[in-house]
Amino acid sequence: MKTLAFILLTGYSLSFTACGQTVNPGKKTEQKNNKMDTDKLTNTKVREAFDAWQKGDSRTFLSFFTAEPKLYDDGNPRDFQKFVKSACGHESFTTIDKVDNEGKDIYGNFHTESWGDFRTYFKFHQNAEGKFDRLDIGQAQ
C-alpha cells in the first residue's frame, strides 16, 4: 500500500491511499482459453476429437480411436495410451493455422506445460469404419 500526501499552500494536507495488485514480473500469468474457431476442421470426427482434446476430456478423445491405435511422434513410435494420459488436459492447440488431407491433418501453435509453445501437427488416420487407428504428431516447420 502506498500513501501519497500533498501539502497544500494553505497548510492543509491531504492523504490518498492507493491499493492494487502486486505484479510479480518473474511469474507469467496465463488464462486458458479452450474456445477456438474450429470451422476449418471439415472432418466431423476430427473436429469432435479435437474439441475433446482441447477440453482435456481424454475419455471422449479416446472414444474416437480403435482399441489399439498407433502413435508416431516426429516419426518415432510412442505408447498412445500413455501419451493421452499424460498430455490430454495439459497440452492444447492455441491456434489452427492450416488443415489438409480432407480435414484430417491439423497444423497450428501448441502449448505444453513442460515444453512451452511451438508449431505442431496432429495427423489423424481414419479407417473404413470411421475410427482413427493412427495419430501422427510432431513439430511443424
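The values are calculated or read from the model by the stated rules, or taken from the named source; none is laboratory data. The model shown is predicted, which means the values in this text are computed figures rather than measured ones. For neighbour counting, all protein chains shown are included, and Cβ atoms are generated from backbone atoms with ideal geometry for every residue, glycine included.
Observations on the model:
- Residue within the stretch 57-74 that is within 24 Å of Gln141 (Cα to Cα) and assigned to a helix (DSSP H, G or I) present: no
- Residue in the stretch 54-66 that is over 18 Å from Tyr121 (Cβ atoms), at pLDDT 95 or above and in contact with a Phe, Trp or Tyr (Cβ under 8 Å, 6 or more places away or on another chain) present: yes
- Being of a type in the set (Ser, Thr, Tyr) and crowded, with 17+ Cβ neighbours inside 10 Å holds for only one residue in Ser63, Ser92, and it is Ser92.
- Output for the stretch 77-115, where each listed residue is at pLDDT below 95 and touching a His at 6+ places or on another chain (Cβ under 6 Å): Glu113
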